[in-house]
Amino acid sequence: MTTSAADAPAPGPDHGPALLPAARSVRPGDGRLVLDASTALDAGPGTETVARVLRSELSAATGLPLLPPGPEGAATAVRLRIDPDAVDGEEGYRLSVGDREAVITAGSAAGVQHGTHTLRQLLGPAAYRRSPLPGARWELPAGEIEDGPRFAWRGFMLDVSRHFMPKDGVLRYLDLLAAHKLNVFHFHLTDDQGWRVEIKRHPRLTQEGAWRPRSRFGHRASPLWNEQPHGGYYTQDDIREIVAYAADRNITVVPEIDIPGHSQAAIAAYPELGNTDIADGNGIDVWTDWGISPRVLAPSEYTLRFYEDVLTELLELFPAEFVHLGGDECPRDQWKRSQAAQARVAELGLDGTESLQPWIIGHFSRWLAERGRRLIGWDEILEGGLDEGSAGLAPGAAVSSWRGYSGGVAAARAGHDVVMCPEQQVYFDHRQADGDEPFPIGYVRTLHDVYRFEPVPPELAGTDAERHVLGAQANLWTEVVHDRRRADYQAFPRLSAFAEVVWSQLPPPADRDTAAFDRRMEDHYARLDALGVEYRPPGGPHLWQRSVLPEGVEGSLGRPLEGEPPAR
Ligand code: ACM
């Protein structure tokens, strides 16, 4: 019998643990493969890195050496093979388990790696620990699994500006993404509240821009302040390590440097980047509050050259095709009051202050295109129009559609690639239940709501423009996500549901079987437990995961009203 793992009944002892994300097809066989100290790991050409990662993770968990096969051949083996003719799709794979060997065959190293994650899931939750439990047995159920992703862009964005995540936490998140077959890490490195990547040509960006003296505690309407200074940044070697660690797991790191708004930390470090001819354009600190700072970059030649320097270093660090330049939430008030900005509008022949943001983004989209890269930006980058031209976007520019689907629909119809991440659906800083959530900001989006998220909107489904939907990503903004524990709480288990949405061939949202998903999540919670992920339990937060206002303090740590504008 062949079933999709999404439709399969709750797994019995013969079928092994439930897979998450669900595989395309599962054909159970008879018997099982026992892995022991004599089991070899046989890496075919092109799979050496996959084998290295698998060995390091699985040997730690199982205590088995998983050595290359000896001259006489091992008793049992896990074999990794690249064979583009044998499997459909760039990232597809087949896992065949018999009683002597498990063979993962795929068209690429990425596909083989996805197969290794499936294999690990089949070994049970203890395969996610870093040291073996006493008496553990390592068995794989026999059978054949064929699988491959629905979308090429299966992403997760982490904001490390509002709250910094130290490097080891980022590496751990890359492991968690890989375990869920997610393949894009969008690294939101700069914002009003902190600059997090070392730039050698402009060292004050991190010397001064990477910390702030205090932070508002809770949503921006909260009455509380945390007086602990907050900061941190990644050195260029840290970034190289993160990018290489991700690449070893077939994850692409897309860096984001947000311009021309959300730039107050940079302006605090280099005041010349700001609109210095107006009163509130001077003496700026790294922002301690949340929301949208009115202090934006000056549209000057100095700013352009400065960010070209930044991007020159960034391109050396990040080999990804895409570089994210933000472009979102750029208030024009300072430009309206700045004579220098007005003079710039006239000099450039623009039709007003509104056009300065598209002009800056257009400049950098072409600058990146000249260097063989592509700009991606939030959907505000469409404000200058969709056409190529002096104030427009370079042809390869792509859009992260966050204010709902409409920006993505317009961009896709105009021939731009799109990543869907509507805030109403997949902003994971937003609360995941009504009621007693620790920081109840934004829309209520439960685990099941995320499971019913559909990246392709009806307007595009079945049209030629559908192919421009590269995929989707979930975004974790961190104003109220102070540390790794809180990040886990907000991201999980919703990221598990999201992973299935972007990987598996699910029916339309109304037909998705949330009860079957919940049954499979039971196996998956055990994996998350073994990994040490502090997810939100299905019944609500643990006592220690709640937040409360100190006694006698009036106000709210969050904003509990549905339908209000974005609440950060
Ligand atoms: C965004 O949420 N401002 C992209």
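Results, tabulated for the structure shown:
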{"item": "Filter result (under 17 Å from ALA178 (Cα atoms) and either in a loop (DSSP other than H, G, I, E, B) or modelled with pLDDT under 95 (or both)) within the range 75-119", "result": "GLU90, GLU91, GLY92, SER108"}
{"item": "Residue in the range 379-386 that is touching a residue at least 24 places away in the same chain (Cβ under 8 Å), over 23 Å from the mean Cα position of the chain (by Cα), more than 16 Å from the ligand (Cβ to nearest atom) and under 19 Å from LEU297 (Cα atoms) present", "result": "yes"}
{"item": "Scan of the range 196-209 for residues that are outside any helix (DSSP H, G or I), within 20 Å of ARG305 (Cβ to Cβ) and in contact with a strand residue (DSSP E or B) (Cβ under 9 Å, 6 or more places away or on another chain), ordered by number", "result": "VAL197, GLU198, GLU208, GLY209"}
{"item": "Where VAL419 falls short, out of the listed (1) out of contact with any helix residue (DSSP H, G or I) (no Cβ under 6 Å at 6 or more places or on another chain); (2) in contact (Cβ under 8 Å) with a residue 12 or more places away in the chain; (3) part of a loop (DSSP other than H, G, I, E, B)", "result": "(3)"}
{"item": "Test for VAL296: is it part of a loop (DSSP other than H, G, I, E, B), among the aliphatic types (A, V, I, L, M), at pLDDT 95 or above and within 16 Å of the ligand (Cβ to nearest atom)", "result": "yes"}
{"item": "Of residues in the range 339-357 being touching a residue at least 60 places away in the same chain (Cβ under 8 Å) and of a type outside the set (A, V, I, L, M), the one nearest to the ligand (Cβ to nearest atom)", "result": "GLN357"}
{"item": "Subset tally (residues that are surrounded by fewer than 22 Cβ atoms within 10 Å (Cβ to Cβ) and aliphatic (A, V, I, L, M)) for the range 410-446", "result": "4"}
{"item": "Flag for ILE360 being within 16 Å of the ligand (Cβ to nearest atom), surrounded by 15 or more Cβ atoms within 10 Å (Cβ to Cβ) and of a type in the set (Val, Ile, Thr)", "result": "no"}
{"item": "Hits in the range 1-14 - residues which are within 21 Å of ARG512 (Cβ to Cβ) and either at pLDDT 95 or above or over 31 Å from the mean Cα position of the chain (by Cα) (or both)", "result": "THR2"}
{"item": "Any chance TRP402 is over 27 Å from PRO21 (Cα atoms), within 16 Å of the ligand (Cβ to nearest atom), surrounded by 20 or more Cβ atoms within 10 Å (Cβ to Cβ) and at pLDDT 95 or above", "result": "no"}
{"item": "Index of the failed condition, ASP328 passing every other in (1) in contact with a Pro (Cβ under 7 Å, 6 or more places away or on another chain); (2) within 16 Å of the ligand (Cβ to nearest atom)", "result": "(1)"}
{"item": "Among (1) more than 16 Å from the ligand (Cβ to nearest atom); (2) closer than 26 Å to ALA474 by Cβ; (3) not in a loop (DSSP other than H, G, I, E, B) - the single one LYS336 does not satisfy", "result": "(2)"}
{"item": "Condition check for ALA320: farther than 19 Å from PRO255 by Cβ, aliphatic (A, V, I, L, M) and away from the ligand (no atom under 16 Å from the Cβ)", "result": "no"}
{"item": "Of the criteria (1) part of a loop (DSSP other than H, G, I, E, B); (2) of a type in the set (Lys, Arg); (3) more than 16 Å from the ligand (Cβ to nearest atom), which one ARG366 fails", "result": "(1)"}
{"item": "Members of the range 502-525 that are among the hydroxyl-bearing types (Ser, Thr, Tyr) and more than 20 Å from ARG150 (Cα to Cα)", "result": "TYR525"}
{"item": "Some residue of the range 279-286 being away from the ligand (no atom under 16 Å from the Cβ) and crowded, with 24+ Cβ neighbours inside 10 Å", "result": "yes"}
{"item": "Residue check, ASP258 modelled with pLDDT under 95 and either of a type in the set (D, E, K, R) or more than 30 Å from LEU54 (Cα to Cα) (or both)", "result": "no"}
{"item": "Exclusive hit being among the aromatic types (Phe, Trp, Tyr), in contact (Cβ under 8 Å) with a residue 24 or more places away in the chain and over 29 Å from SER406 (Cβ atoms), set TYR489, TYR443, TYR451", "result": "TYR489"}
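The values are calculated or read from the model by the stated rules, or taken from the named source; none is laboratory data. Here the structure is a predicted model, which is why all the values come from computation and not from measurement. As a convention, Cβ positions derive from the backbone with ideal geometry for all residues, glycine included, and neighbour counts pool all protein chains shown.
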